Amino acid sequence: MSERTPSGTRDVLPDEMRELRALTDRTRGTFEAAGYGEVYTPALEFERDSNAATGPGAASYRMFDERGNVLVLRSDMTVPIARLVGTRYSATPGPLRFCYVAHSYRSVGSHRGHAREVLQAGVELIGAPAPEGTVEALTVLCDALDAAGLTGYRVGVGDATLYPVLLERLGVAAERRSEILRDLSVGDFVGVESQLSWLGLAPEDAELLISVPRMRGGPELLAGIDPRLADAAGGLRQVYDALPPRVAERVIFDFGLVRNLGYYTGVLFQVYDDAIGEPIGSGGRYDELLAQFGRPEPAVGFALNVELLHTAVAGEERDG
Amino acid sequence: MAELRIAVPRGALMTETLDLLQRVGIDTAEVRANDRKLLFDDVGIITMRPSDVPTYVESGAADIGITGKDVLMEQPERDVRELVDLGYGRCVIVLASEAGPDKAQEALKRLGVVRVATKYPRIATNYLESRGRQAEIVEVKGSVELAPLTGMVEAIVDLTQTGTTLRENNLVVREEIAVSTARLIANPVADRLKARAIDALLERVGEH
């Protein structure tokens with residue numbers, strides 16, 4: 001039997017569509033109420049814009065238009081909105097608040113049931129530095145998840161600079177750092193440990209570097225922090241201290257959280273729920289991305305995967 | 001019900017895995033006594049073939065699991081976290097061919113491509129490509145040793161523990177590709193949401 005739609009894509013029929021629509025209406029309502037105006041950008045964009053922001057290779061789908069321009073299908077909404085801000089709002093004073101409910105396009109591994117076409121609902125907050133901007137983004141995130149009806153979720157919060165800075169400070173050479181961070185980004189802790197044990201570091205430094213990526217937990221993690229880490233975790237503490245209690249109680253600190261997208265520069269986060277085995281959404285600070293589009297300003301944002309969110313809400317209802 | 005659901009591999013790694021779980025305080029008697037049962041909810045154990053362990057752990061159907069490094073190398077796209085090298089179940093992934101003049105070398109030299117039978121197409125392809133050798137990978141499900149003996153291929157990539165099966169089939173190891181041992185893996189979400197239970201288990205594993 002031939003496939004009806006390309007692998008990783010699918011049709012949505014009325015029953016499911018009604019539920020998805022209700023979900024996106026609720027999250028969009030939260031975003032709008034918090035002052036985030038909805039925007040839409042073209043699914044097709046110039047490859048040069050995509051490359052300028054994230055380096056070559058971020059986009060999975062390329063094509064030519066009738067004049068020979070290379071076009072790509074956007075791989076997320078953050079880069080298009082950065083481009084939009086740089087071109088359409090170049091003289092408007094910040095902070096700027098935008099939200100979206102739109103599809104992005106990714107490549108998929110074999111046999112995984114992952115989607116090529118991902119429906120995302122998210123926000124971008126431009127011109128709001130850490131920690132206030134980060135606090136606002138985390139608050140809107142939790143409000144949107146509450147509005148979606150998800151009850152058991154937690155937000156893992158880390159800092160893209162924490163572990164790289166610690167590696168550097170303890171004298172790990174640049175080349176080794178990038179290899180260690182690569183192992184960490186794919187969750188290969190056995191690889192991280194074996195690399196660190198061969199570096200000839202002082203035993204107590206090696207021990208710290210092995211244990212830090214495994215540190216995850218509540219605020220007690222910040223309270224009992226190793227002095228060699230205190231500086232690097234300062235950004236996390238500032239954010240946590242300013243969070244409203246309903247958001248703070250959702251937070252899990254994760255010192256091993258490293259960036260999966262090239263443009264994250266500081267605090268980053270992921271949304272977890274017991275009902276589903278992968279993160280429902282993610283976000284973080286990207287303080288250098290806007291400079292690529294002529295408006296150097298700090299920024300933060302997040303995107304929820306609407307279909308995973310729907311699955312998680314349904315899973316919580318099922319598990320009672 | 002148990003705090004964590006653990007995916008346990010059937011086959012060569014099973015006995016040592018159950019011994020380990022027993023030592024860290026999980027009652028494995030029922031699992032040992034029931035060869036056909038697959039789900040043991042009281043102690044949180046599910047059993048499956050080793051190559052299915054990353055699938056169950058990635059989906060979150062199991063929080064953690066134990067499987068061979070060979071399985072993880074063959075399924076690199078699985079989003080699971082590799083937490084501990086458990087050390088047991090040591091095997092070597094090798095490139096082997098018939099004893100005597102190496103037919104694989106001969107094929108590469110004269111035909112420019114070598115045919116390789118394997119149950120590990122990803123590992124074989126990555127290894128040969130990284131060495132700049134062109135290979136035609138033939139995926140087989142059963143005894144790989146048969147493939148070179150019948151002339152279907154010039155070499156195999158397979159897992160060997162002692163080399164006995166290879167020797168009995170007149171095959172010799174030409175190159176060692178990687179060493180594989182049992183690994184403890186975790187689902188990335190469970191590793192955050194059930195951090196305390198997982199860390200407690202890891203600590204007990206470290207002591208034994």
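Rule-based calculations on the coordinates, nothing more; no lab input. Quantities reported herein were computed from a predicted structural model and do not represent experimental measurements. Quick reminder, even Gly has a Cβ in these numbers, built from the backbone with ideal geometry, and neighbours come from all protein chains shown.
Brief remarks follow.
- Averaged over peptide A:268-280, the number of partner chain Cβ atoms lying within 10 Å of each residue's Cβ comes to 4.
- Dividing the radius of gyration of the alpha carbons in region A:77-129 by their Kirkwood radius gives 1.13 for Rg/Rh.
- Using the Karplus relation 6.51 cos²θ - 1.76 cosθ + 1.60 with θ = phi - 60°, the per-residue 3J(HN,Hα) values for region B:128-137 come to 5, 5, 5, 9, x, 9, 7, 9, 9, 8 Hz, with x marking Gly and Pro.
- Relative intensity of region B:19-171 on a log10 scale, I(q)/I(0) at q = 0.10, 0.13 Å⁻¹, equals -0.48, -0.73, per a Debye sum over C-alpha point scatterers of equal strength in the absence of solvent.
- Label point of residue A:52 set 7 angstrom out along Cα-Cβ; within region A:249-293, amide nitrogens under 14 Å from it belong to A:289-293.
- Every Cα-Cα pair of region B:91-180 was included, and the share exceeding 23 Å stands at 11 percent.
- With the simple model of a label 7 Å out from the Cα in the direction of the Cβ, residue B:150 to residue A:41 spans 5.6 nm.
- Karplus-derived HN-Hα couplings along region B:39-54 (A = 6.51, B = -1.76, C = 1.60, θ = phi - 60°), whole Hz, x at Gly and Pro: 10, 10, 5, 4, 9, x, 10, 10, 10, 6, 5, x, 6, 8, 4, x
- The protein assembly as shown: projected area of the alpha-carbon convex hull, averaged over directions, in nm²: 29.5
- Share antiparallel - DSSP beta bridges, region B:1-82, percent rounded to 5: 25
- If you run the Gaussian network model on chain A, springs between alpha carbon atoms under 10 Å, then out of A:300, A:192, A:118 the most flexible one is A:192.
- Computed over chain A: relative contact order in percent, which uses C-alpha pairs under 8 Å that are six or more apart: 22
- Per-residue ³J(HN,Hα) for region B:56-68, Karplus 6.51 cos²θ - 1.76 cosθ + 1.60, θ = phi - 60°, Hz, x for Gly and Pro: 5, 6, 4, 6, x, 5, 10, 6, 9, x, 10, 7, x
- Diffusion coefficient, µm² s⁻¹, Stokes-Einstein with Kirkwood Rh over alpha-carbon pairs of region A:238-320 at 10 °C and 1.306 mPa s: 109
- Antiparallel DSSP beta bridges within region B:91-180, as percent of all bridges there, nearest 5: 60
- Max mean-square fluctuation residue, GNM over chain A, Cα-Cα springs under 10 Å, options A:123, A:271, A:190: A:190
- The helix-only estimate of mean residue ellipticity at 222 nm for the protein assembly as shown, built from DSSP H runs of length n ≥ 4 each weighted as -39500 (n - 2.57), is -10500 deg cm²/dmol after division by the residue total.
- Taking the C-alpha atoms of region A:62-188, convex hull volume expressed per residue in Å³: 221
- For region B:91-180, the dipole from Cβ point charges (+1 on Lys and Arg, -1 on Asp and Glu) about the Cα centre works out to 160 debye, to the nearest 20.
- Normalised by the number of residues in region B:91-180, the average gap of Cα pairs under 8 Å and 6 or more apart makes the relative contact order 48 percent.
- Shielding by partners - mean other protein chain Cβ count within 10 Å, residues of B:74-86: 5
- Set of lysines with alpha-carbon distance to residue B:194 below 25 Å, sequence-local pairs under 8 removed: B:69
- Among beta bridges identified by DSSP and lying wholly in the protein assembly as shown, the antiparallel ones come to about 75 percent.
- Peptide-level mean, for B:187-198, of C-beta atoms on other protein chains within 10 Å: 6
- For residue B:115, the amide hydrogen comes within under 5 Å of the amide hydrogens of B:136, B:154, B:155, counting only partners 5 or more places away or on other chains and with H modelled in the peptide plane.
- Nitroxide proxy distance, nm - points 7 Å out along Cα→Cβ at residue B:38 and residue A:89: 5.2
- Straight-line reach from residue B:141: taking Cα to Cα under 13 Å and skipping same-chain neighbours fewer than 8 places apart, the aspartates and glutamates in range are B:158.
- Using the Cβ-Cβ distance between residue A:146 and residue A:226 with R0 set to 35 Å, the FRET efficiency works out to roughly 0.50.
- Relative protection proxy for B:41-50, A:238-247, from highest mean packing down: B:41-50, A:238-247 (other beta-carbon atoms within 10 angstrom).
- Extension gain from residue B:176 to residue B:77, taking 0.36 nm per residue of separation minus the Cα-Cα distance: 33.3 nm
- Cα-centred dipole magnitude for region A:1-88, charges only on beta-carbon of K, R (+1) and D, E (-1), debye, nearest 20: 180
- Charge dipole of the protein assembly as shown about the Cα centre (unit charges at C-beta), most positive-ward option of B:152, A:201, B:112: B:112
- Built amide H within the under 5 Å cut-off of residue A:58, gap 5+: none
- The calculated Kirkwood hydrodynamic radius for region A:6-92 is 15.6 Å, given to one decimal from all distinct C-alpha pairs.
- A cut-off of 5 Å between modelled amide H atoms, ignoring neighbours fewer than 5 places along the same chain, links residue A:304 with A:121, A:122.
- Against chain B, whose longest principal axis comes from its Cα atoms, helix B:14-23 is set at around 30 degrees.
- Sparse-neighbourhood loop sites, chymotrypsin sites (Phe, Trp or Tyr not before Pro) in region A:148-236 - DSSP loop, at most 15 other Cβ within 10 angstrom: A:198
- Farthest toward positive dipole pole in region B:1-111 [+1 Lys/Arg, -1 Asp/Glu at C-beta], among B:73, B:24, B:91: B:91
- Surrounding net charge for residue B:136, when Lys and Arg each add one and Asp and Glu each subtract one, Cβ distance under 13 Å: -1
- Separation in nanometres of the label points that stand 7 Å from Cα toward Cβ, at residue A:173 and residue A:18: 6.4
- Translational diffusion of region A:178-276 was estimated from the Stokes-Einstein equation, with Rh taken as the Kirkwood radius over Cα pairs; at 4 °C and 1.567 mPa s the coefficient is 86 µm²/s.
- Taking the average, over residues, of other Cβ atoms within 10 Å as the packing measure, peptides B:118-128, A:63-73 rank B:118-128, A:63-73 from highest down.
- Scattering profile of region A:102-165 at q = 0.23, 0.25, 0.28, 0.30 Å⁻¹ [log10 I(q)/I(0), Debye over alpha-carbon scatterers]: -1.09, -1.09, -1.11, -1.15
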